[in-house]
Amino acid sequence: MSDDKADAGSEARRTRAVPRALRAAVRCTVLAAFVVPQVALLTAASFAGGLTALGVGVPLLLPVALAARRLAGLRRTLAARWSRTEIRAPYLPQPEAPPGLGGVWARCRTVLTDPATWRDLLWLFVDPVIGFTLLLIPLTVTAYGALGLLSPWIWATRAAHGGDTTILWVHVTDAGSAWTAAVLGLPIVLVGLAHAPAALRAHTALAKALLGPTARTEALAARREVARLTETRRDALSAQAAELRRIERDLHDGAQARLVAMGMNLGIAERLVERDPQAAKRLLAETRQASATALGELRDLVRGIHPPVLADRGLVDAVRALGMNSPLDVTVSAELPGRPEAPVESAVYFGVSEALANAAKHSGAVRVDVQLWYADGLLKAQVTDDGTGGADPSRGTGLRGLERRLATFDGLLAVRSPHGGPTTLTMELPCALSSPRTSSS
C-alpha cells in the first residue's frame, strides 16, 4: 500500500512538473524581453552622462533614473509573483520638496545621491549580459528541440532557402531523416524545459543581489527606524504629559473649585437653616445649580478623554456624533467590517475631530465629507471640505499635532490643500479589526 502511495505521489509530481516547466519557460521569455528597455535606458544614461560632463546633462539624468526605478520595481514585483522571492526596495525616503525649480533640483539631488540609484544602473549593465545569458540557455535549447520536432514539415523549406537542416548528428535530407530529427527533438525540448525553472531561480537571485538592499542600506534603515521610534515615543510621552496637565487644570479650575464652593455653601446653609430659612433655601438652590454645572463639566472632561459614544457604539457612530455637533454640513460614509483596536479608534476619532474643528475655524467651508474604510491592513479616514484651501502642516500646530498623534501608531497624514480649495486630509493607521461592528449603519 505504501509503495502504491509513493508511486502515485511521484506520478503527481511528474504531472505537475510539465506545466511548471512550461510556465517557467514563458516567464524566462518575458524576462529576456527586459533587455530591450534595459539597453535603451543604459544608452540614455550614457548620453545624459556625456552631456553632464559638458554641464547640461544633470536634468536628463533624473527622468532616466526614475525610469530605471520603475523598471527595477517591475522586476521586484515579478520576483515576488513568479519566484516567491521578496526583493525590498532599497531607496532612501524622499523628503518633501518645495514647488518650482528648487523642488525639482532638490529631488534630482536626492535621487542621484542615493546609492540604490547607481545600483539600478549597474543592474541595467549587468542583467542584459549575465541575466540574459542565464535565460537564453534553456530557451535556446528548447527552441533547438522544437526545430527538430518540426523538421518533417519545415525541412524542405529551410533547405530551399539555404538553411542548415542538421539536428545533432542527423542531416535532414528526406522524410525519413526528418522524422529521425523529430524523435531527437523531443528530449531536447524536455531538457530545455527542465532547466527553465533553474534559470528563472538563478535570474531572480541575480536580481535580488543587485536590486535588494545592501547591509549598509539595512543598517541605515534600522537607524532611521530607531530615530523615528524614539521621536514618536518622545512625542507620545509629551502628549500624554500635556493631556494629564490639561485634565489636572480642568479639574482644579472647574469641577474641583465648584465642589469646594458647594461644600462651603452647604456649611453656611446648615448654620442659616434655623434662623434664616429663606437664605438657606437660596444657598441650597445655588448649590444645586452648581452641582449640575460641575456634573456637566465632568462629563465634558470625560468626553474629551474618551467619548462614551466611542466606547459604546464604535468609531462610525462617534464620528457621526461629531458631524451632528459641528456647525458645518457634515456627511459621513463608512465601510468598516469590524472594530479597530481602542487606541487606534481613539486616534482616528480625535483626528477627525481636529479636522472638523479646523474646517469650521479656518477654511470658510460649508460642507464636509468624511469617509472611513479599511483596506490592506490600514484603517483610513478622509476628510474633505469645500473651503478656501491653503492648509499647510508646516505652518500650523494643529496639523503637526495630528501628525504626531498618528505617528505614535505608525500612522500617516497626507494633506492636499491647494489655494482655492478643496482641502483633503487623509489619515492611515495600520491595525487589525477585531469584533464585528456595533455601528447602527
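Taking the mean number of other Cβ atoms within 10 Å as a proxy for protection, how do you rank 373-380, 426-433, 313-320 from highest to lowest? Walk me through the numbers before you get to the answer.
Details: 373-380: 14.2, 426-433: 18.2, 313-320: 21.9.
Ranked from most to least packed, the peptides come out as 313-320, 426-433, 373-380.
Once the piece of chain linking Thr293 and Asp329 is laid out straight, how much longer is it, given 0.36 nm per residue of separation minus the C-alpha distance between them? Walk me through the intermediate numbers first.
Details: separation 36, 0.36 × 36 = 12.96 nm, distance 2.95 nm.
That works out to 10.0 nm of additional length.
Put simply, the amide H of Ala334, placed in the peptide plane, has neighbours under 5 Å in Leu372, leaving out anything fewer than 5 places away on its chain.
Among 190-199, 38-47, sorting by the average number of other beta carbon atoms lying within 10 angstrom of each residue, highest first, gives 190-199, 38-47. Net charge in the neighbourhood of Ala199 (other residues with Cβ under 14 Å of its Cβ; Lys, Arg +1, Asp, Glu -1) is +3. Residues in segment 406-417 carry Karplus couplings, in order, of 6, 5, 4, 10, 6, x, 10, 10, 10, 10, 10, 8 Hz; the curve used is 6.51 cos²θ - 1.76 cosθ + 1.60 with θ = phi - 60°, and Gly or Pro positions show x. Measuring only protein heavy atoms, the 1.4 Å probe finds Asp312 accessible over about 110 Å². Between Val260 and Thr85, the contour length at 0.36 nm per residue exceeds the Cα-Cα span by 56.2 nm.
Computed extension length for Thr77-Ser46: 8.5 nm, one decimal, from 0.36 nm per residue of separation with the Cα-Cα distance subtracted. Counting protein heavy atoms only, segment 309-398 has 51 percent of its accessible area on carbon and sulfur, 1.4 angstrom probe.
Proximity of backbone amide H atoms, modeled 1.01 Å from N, is registered between Leu92 and Ala116 at under 5 Å, excluding neighbours fewer than 5 places apart on the same chain.
The values are calculated or read from the model by the stated rules, or taken from the named source; none is laboratory data. In this text, all values refer to a predicted model and were calculated from it rather than measured experimentally. Don't worry about glycine lacking a Cβ; one is built from the backbone with ideal geometry, like all the others, and counts go over all protein chains shown. For accessibility, only protein heavy atoms count, side chains too; no ligands or nucleic acids. Shrake-Rupley method; radii C 1.70, N 1.55, O 1.52, S 1.80 Å.
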